[in-house]
Amino acid sequence: MSIVDDLLALYADKGRAQYGGEPVSQLAHALQSAALAEAEGAGDTLIAAALLHDVGHLVDRHADGAAEAGVDRQHEDIAAGYLARWFAPAVVEPIRRHVAAKRCLVTTEPGYFAALSEESVRSLKVQGGAFTPDEASRFLAMPGAEDALRLRKWDDLAKVANAKTPDLARYRRRLEAGLKPSSS
Ligand SMILES: [Fe+2]
């Protein structure tokens, strides 16, 4: 089994779990994120990142009850740490930064906060809240910040109950394209 087989199996199995307090499963959320990335003409690596951005929730053995207890498990770091062994930085880094991207957008983009779901507002608090203007500037100056912001916006929109999406298996090629040369 390759890592891509493992991930597809993980989503097919554990992906049926509810995505936090949102009206979609983890799998539906992942597929909607990837479909939005595809619709916007993103490249393979960013589509792979969109699909996998919340894998930290699926591989975290201590996730149960954490959100309700107000504990931030830092699923973005769990995901990045897990994926970095196999996937290229172009996949891993936007995932690592997708929470920071939310903290940035709350500060820099008028109307962004008001459009966040209730659950995202709740998690924002335990994730450290809005960036200061200085923190936002530093984030925006980092290489790859643009990809993290794009991923974040797909993430925010990918919470539509019963939305039609492509099948998980259709993303195999995108995931394989995101592997580091030594992993493929
Ligand atoms: Fe997400």
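Just so you know, all these numbers are worked out from the coordinates, no wet-lab data involved. Nothing here was measured: the structure is a model prediction, and the numbers come from that model. FYI the Cβ positions are ideal-geometry reconstructions off the backbone, even for glycines, and counts take in every protein chain you see.
Note down the relative contact order for the stretch 3-183 as a percent, whole number, built from C-alpha pairs under 8 angstrom at least six residues apart. Could the numbers behind the result be given before it?
Values: 244 pairs, mean separation 58.4, N = 181.
Result for the stretch 3-183 is 32 percent.
Exposure proxy check: T45, T165 ranked by fewest other beta carbons within 10 Å?
Details: T45 22, T165 19.
Starting with the residue having the fewest Cβ neighbours, the order is T165, T45.
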So how many Lys-Lys pairs in the chain land under 26 Å Cα to Cα, not counting same-chain pairs under 8 apart?
13
Please name whichever of P89, G111, A79 sits farthest to the positive end of the charge dipole of the stretch 46-138, dipole taken about the Cα centre and charges placed at Cβ: Lys and Arg +1, Asp and Glu -1.
P89
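Using the Cα centre of the chain as the reference point, and only Cβ charges (+1 on K/R, -1 on D/E), how large is the resulting charge dipole? Debye, rounded to the nearest 20. Display every interim value, and only then the final one.
On the way: 22 positive and 26 negative charges, 35 e Å.
The calculated dipole for the chain is roughly 160 debye.
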Over the Cα atoms of the chain, each weighted equally, I'd like the Debye log10 I(q)/I(0) at q = 0.14, 0.19 Å⁻¹, rounded to two decimals.
-0.72, -1.40
